[in-house]
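The values are calculated or read from the model by the stated rules, or taken from the named source; none is laboratory data. Everything quoted here is computed from the prediction, not taken from an experiment. Because the Cβ atoms are built from the backbone with ideal geometry, glycine has one as well, and the counts that use them run over all protein chains shown.
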Amino acid sequence: MIISKDRNCWIIEMAGSAYGFGVTDEGQVVHQYWGKRLPYAEDYPGIIAVRDADSFNMAENRRREEFPAMEGSRYFEPAIALVFADGVRDLRLRFESCVVDQTGMAIQVKLVDRQYPVCVKLIYRAHSKYDLLERWVEVENHGDFPIEISRIFSADWQIPRLDDYWMSFFTGKWSDEFQNHRERITGGKKVLEGRRMTTGHDGNPWFAFYDGTASLETGRVWFGTLAWSGNWKTIAELTQNGFLQVLSGINDWDFVWQLGAGEKFGTPHAIAGFSTAGFSGASRAMHDFIRAERLPHGEAVRKVLYNSWEATTFDVDVDSQIRLAEIAADLGVELFVLDDGWFHGRINDTAGLGDWWADEVKFPNGLTPLIEAVNHLGMDFGLWIEPEMVNPDSELFRTHPEWVIQFKGRTKSTARGQYILNMGRQDVQDYLILLLDNLLAGHNIRFVKWDMNRNPSEPGWEDAPGDPREIWVRYVYGLNRVWGELHDRHPEIVFQSCSGGGGRVNLSVLDYADQFWASDNTDATARLKIQEGFLQMFPASTMESWVTDQGENLIPLAFRFHTSMCGVLGVGGNIGKWTEEQLSEARKWIAVYKDYRHIIHWGDRHVLYSALKGTVSAVLYVDKDKDCGVLFAFRTYESEPVALPKIFLHGLDAERRYKVGDRVMSGAAWEECGLEIALGNFESQMIIVKALDW
Ligand code: DGJ
């Protein structure tokens, strides 16, 4: 509920937290509060007047504004910078009005520059039960001349004053995504960014701040992310005044947007929250929010999938795929996915991208015979596509060489033998919508894996509708249009977002897709860390994870299954070569998983022992009623002799009694006294924790 403390202050109160801002006498909108919800409105701090400190530090450099513009003598990073037609680059945003909507959970603050015809709207929407606040900004040009936007973030999050500031964030690379780091911020700036026209493997807009004492389950954590599939930037700046501001939004690198007379520009949405239950608390808030509010298929059962990529790569045809499908169906697989290699001319990775119809040699009668066989075996059928790409050796490129991203007259670089289509172009979008809509409408396809296997180079656009640098943003608009249109026309299809693994993992994709392919690295030991990072941000129901043959000589099948059972289980090994013994073990784990997947996907996740600490890790999923939990524990390699850590169980009802193995104790006792789990090298266990009264 949004309450107005005084005439000039607004407090957004959520279930357990609150966020407040107010207007100074001069009209600046300043941040006042972000933390625990307080009992009385008068408890929240009021406006603090800020004056010039000395001739080097004018007032605007010392104020904590909600959305600081490039103005006067301000030296810290501004959230917005404009260039007016007369060359003026000074923007003085002042309060004009504030409107709370009918739900009482959204508020819009209108700011204007009193000399120039520009209006900036700060929009906030509270997701109260998750203690999450969504924010974005709209700029309107009310004048007759264009305005150049040279930077515009979605939010400037002000972290309250702490004794010490620590940041948690992700870096990575292809096959090694979501590596979590914690770093002390002592001054200056920490900048994380994506410049790859997509989120990238090398980082993620997710961030968290704390005072250095928060743990997995305890302590105060301020966290957030950005719903945007393009270039992004996070700047955490500890100013000389000792306050930490966190800018989150579209990357201003090589960015410009020409805002014509009468036009409006809206930023992507930023979302942030406050948790008093440490990092797991922060992730549970995001998980609950995503599952309830963002997934196209809500809580529908996530099917066990088989994907033939690692088994057959480009070497696919009707017969070999039907043979794999028969084995998969016998294992209990519910969805059979044909990956790369199926379309016109796709003999290897140098040809075919762009020509999205079945290859005439591999599938002489089209895809239907395979789809019918898969359906006959009781499984759904899924298909891989990579719509944004084109190979030089393709019908599409031969017809439309001008459609790829390029600078006129300059070399065009290929990567993996392919170019990127300029998704900003309407003709490209229209073509893809038509072609892919026909493909989906003409076949019984229930799942689509949408891939993107390279990042851009030479980002030119000869006949761009605005400044050619707008390509970074217009590409994302085009991608969203094509994907959104296909999703709207085929709502029954479950989409999976993939970009060579986890290269496009962000909230906005979940407008169309229900899940992500988190990494091309399917080695179960490497995956433990990758998955822990991914699951900090996104729920298990969005993380596809395959059991493959990677590391098969070292890592037992049970370990590989347990790792993949921590998300949406899939099988990606060459099951045609598995022994009877392996197949029967696989059958067993798939059946067990089906009994418990509702807890893994829709329950609460508690990291009991982090994979970042070393060789042992453990995670517990507990259903929302705290009746039953599923615990997975892993040990990779550690030379003997070794003392294994005790695992302390979180998330159970303190008073109720739970059975683990032969032992019965209260939830409180399992948390205090813990559990010893025997694990040898490369061993894992799946342990069911059941309430006695259930
Ligand atoms: C990259 C994906 O991450 C893989 O799973 C597979 O689909 C290949 N592309 C196919 O080219």
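Pick from the range 358-388 the residues that are in contact (Cβ under 8 Å) with a residue 24 or more places away in the chain and in a strand (DSSP E or B): which of them is farthest from Phe343 (Cα to Cα)?
Asp380
Could you say whether any residue in the range 204-223 is part of a loop (DSSP other than H, G, I, E, B) and within 21 Å of Ser499 (Cβ to Cβ)?
No, the conditions are met nowhere in the range 204-223.
Residue by residue through the range 600-639, note down the ones that are surrounded by fewer than 21 Cβ atoms within 10 Å (Cβ to Cβ) and farther than 16 Å from Glu532 by Cα.
Answer for the range 600-639, where residues must be surrounded by fewer than 21 Cβ atoms within 10 Å (Cβ to Cβ) and farther than 16 Å from Glu532 by Cα: Trp602, Asp623, Lys624, Asp625, Lys626, Asp627, Cys628, Tyr637, Glu638, Ser639.
Identify, please: which residue in the range 68-104 is within 20 Å of Leu122 (Cα to Cα) and loosely packed, with under 12 Cβ neighbours inside 10 Å and is, among those, farthest from the chain's Cα centre (by Cα)?
Ser97
Go through (1) among the hydrophobic types (A, V, I, L, M, F, W, C); (2) out of contact with any helix residue (DSSP H, G or I) (no Cβ under 6 Å at 6 or more places or on another chain); (3) away from the ligand (no atom under 16 Å from the Cβ) for Phe447 and report which single condition fails.
(3)
Which of the residues spanning the range 564-589 are surrounded by fewer than 22 Cβ atoms within 10 Å (Cβ to Cβ), more than 16 Å from the ligand (Cβ to nearest atom) and of a type outside the set (D, E, K, R)?
Those that are surrounded by fewer than 22 Cβ atoms within 10 Å (Cβ to Cβ), more than 16 Å from the ligand (Cβ to nearest atom) and of a type outside the set (D, E, K, R): Gly576, Trp578, Thr579, Gln582, Leu583, Ser584.
Every residue, every condition in (1) surrounded by fewer than 16 Cβ atoms within 10 Å (Cβ to Cβ); (2) out of contact with any Lys or Arg (no Cβ under 9 Å at 6 or more places or on another chain); (3) at pLDDT 90 or above, yes or no:
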| residue | (1), (2), (3) |
| --- | --- |
| Gln28 | no, no, yes |
| Tyr33 | no, yes, yes |
| Pro39 | yes, yes, yes |
| Ala53 | yes, no, no |
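Taking the residues in the range 565-579 that are touching a Leu at 6+ places or on another chain (Cβ under 8 Å) and among the β-branched types (Val, Ile, Thr) as candidates, determine which candidate is nearest to Ala513 (Cα to Cα).
My answer is Val568.
Filter the range 496-512 down to the residues that are more than 9 Å from the ligand (Cβ to nearest atom), among the hydrophobic types (A, V, I, L, M, F, W, C) and surrounded by 24 or more Cβ atoms within 10 Å (Cβ to Cβ), then identify the one that is nearest to Leu479 (Cα to Cα).
Filtering the range 496-512 for residues that are more than 9 Å from the ligand (Cβ to nearest atom), among the hydrophobic types (A, V, I, L, M, F, W, C) and surrounded by 24 or more Cβ atoms within 10 Å (Cβ to Cβ), the one nearest to Leu479 (Cα to Cα) comes out as Val509.
If a residue must be buried (at least 19 other Cβ atoms within 10 Å of the Cβ), away from the ligand (no atom under 13 Å from the Cβ) and not aromatic (Phe, Trp, Tyr), how many such residues does the range 369-386 contain?
Of all residues in the range 369-386, those buried (at least 19 other Cβ atoms within 10 Å of the Cβ) come to 370-371, 373-374, 379-386.
Now drop any that are not away from the ligand (no atom under 13 Å from the Cβ), which leaves 370-371, 373-374, 379-381.
From what is left, the residues that are not aromatic (Phe, Trp, Tyr) are 370-371, 373-374, 379-380.
So the count comes out to 6.
Inside the range 640-662, can you point out the residues that are surrounded by 15 or more Cβ atoms within 10 Å (Cβ to Cβ) and not in a loop (DSSP other than H, G, I, E, B)?
Matches in the range 640-662: Ile647, Arg657, Tyr658, Val660.
Considering every residue within the range 534-550, establish whether at least one is farther than 24 Å from Gly278 by Cβ, polar (S, T, N, Q) and buried (at least 24 other Cβ atoms within 10 Å of the Cβ).
yes
Across the range 442-479, what is the total count of residues that are surrounded by fewer than 20 Cβ atoms within 10 Å (Cβ to Cβ) and part of a helix (DSSP H, G or I)?
Qualifying residue count, the range 442-479: 4.
For the range 480-527, give me each residue that is closer than 24 Å to Arg291 by Cβ, without any contact (Cβ under 8 Å) to a residue 40 or more places away in the chain and not in a helix (DSSP H, G or I).
Phe516
Between a residue in the range 146-173 that is closer than 19 Å to Ile123 by Cα and any residue that is modelled with pLDDT under 95 and aliphatic (A, V, I, L, M), which pairs come within a Cβ distance under 6 Å, given they are 6 or more apart or on different chains?
Filtered contacts from the range 146-173: no entries.
What pairs can you find where one residue is in the range 188-213 and in contact (Cβ under 8 Å) with a residue 40 or more places away in the chain and farther than 16 Å from Ala236 by Cβ, the other is small (Gly, Ala, Ser) and assigned to a loop (DSSP other than H, G, I, E, B), and their Cβ atoms are less than 7 Å apart, with a gap of 6+ or different chains?
Within 7 Å, the pairs are Met197/Gly230; Thr198/Ser229; Thr198/Gly230; Thr198/Gly503; Thr199/Ser229; Thr199/Gly503; Gly200/Gly503; His201/Gly503.
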